[in-house]
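What follows draws every value from the coordinates through simple rules; no lab data is involved. What you are looking at is a predicted structure, and each value in this text was computed from that prediction instead of being measured. All Cβ positions, glycine included, derive from the backbone under ideal geometry; neighbour counts span all protein chains shown.
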Amino acid sequence: QVQLVESGGGLVQAGGSLRLSCAASGVIFSIDAMGWYRQAPGKQRELVAAVTSAGSTNYADSVKGRFTLSRDNAKNTVYLQMNSLKPEDTAVYYCNFYGTARIMGVMTSKGYWGQGTQVTVSS
């Protein structure tokens, strides 16, 4: 089993910054992609930013230039630095992991979601 531990959400005023982190633990063989999605009330979950094993990072158009995703491969951790936050960034942010890990003795490729962390930006 892969466990994702998220941290860093909270309440911030518009224009402020927050940093989210997500650490993956377990017997991990490889990570194909890891990143962050978000879901606002009444809306579908959407990609915020994700990085692939090749090092390619994708961002939602709405966060380009404001958010930066980075990773620490040694710690199986990704960080999302969020600057110039806007009220429309308010959502529950979910860490996502897709990779290969040893599950009950078997190398298994699958995806996992974190429990989510609330980000609230006040105007």
Which of A24, A54, A33 moves most in a GNM of the chain, Cα contacts under 10 Å? A54
Using the Karplus equation 6.51 cos²θ - 1.76 cosθ + 1.60 (θ = phi - 60°), what ³J(HN,Hα) coupling, rounded to whole Hz, does each residue of region 58-64 give in order, writing x for Gly and Pro? 10, 10, 5, 4, 5, 10, 4
Mean separation of Cα contacts under 8 Å, 6 or more apart, over the residue count of region 60-123: relative contact order %: 30 percent
Need the list of lysines near K86 for cross-linking: C-alpha distance under 25 angstrom, and skip anything on the same chain fewer than eight residues off. K43, K64
Using the 2.2 N^0.38 Å rule of thumb for compact globular proteins, work out how the chain stacks up: its C-alpha Rg over that value, please. 1.05
Listed residues F97, F29, F67; largest mean-square fluctuation, Gaussian network over the chain with Cα springs below 10 Å, found at F29
Taking Cα pairs under 8 Å and at least six residues apart, what relative contact order does the chain come out at, in percent? 37 percent
What residues of region 91-123 lie in the reach of a label at S62, counting those whose backbone N is under 19 Å from a point 7 Å from the Cα along Cα→Cβ? 91-96, 116-123
Most mobile listed residue (M82, M104, M34) in the chain, GNM with C-alpha springs under 10 Å: M104
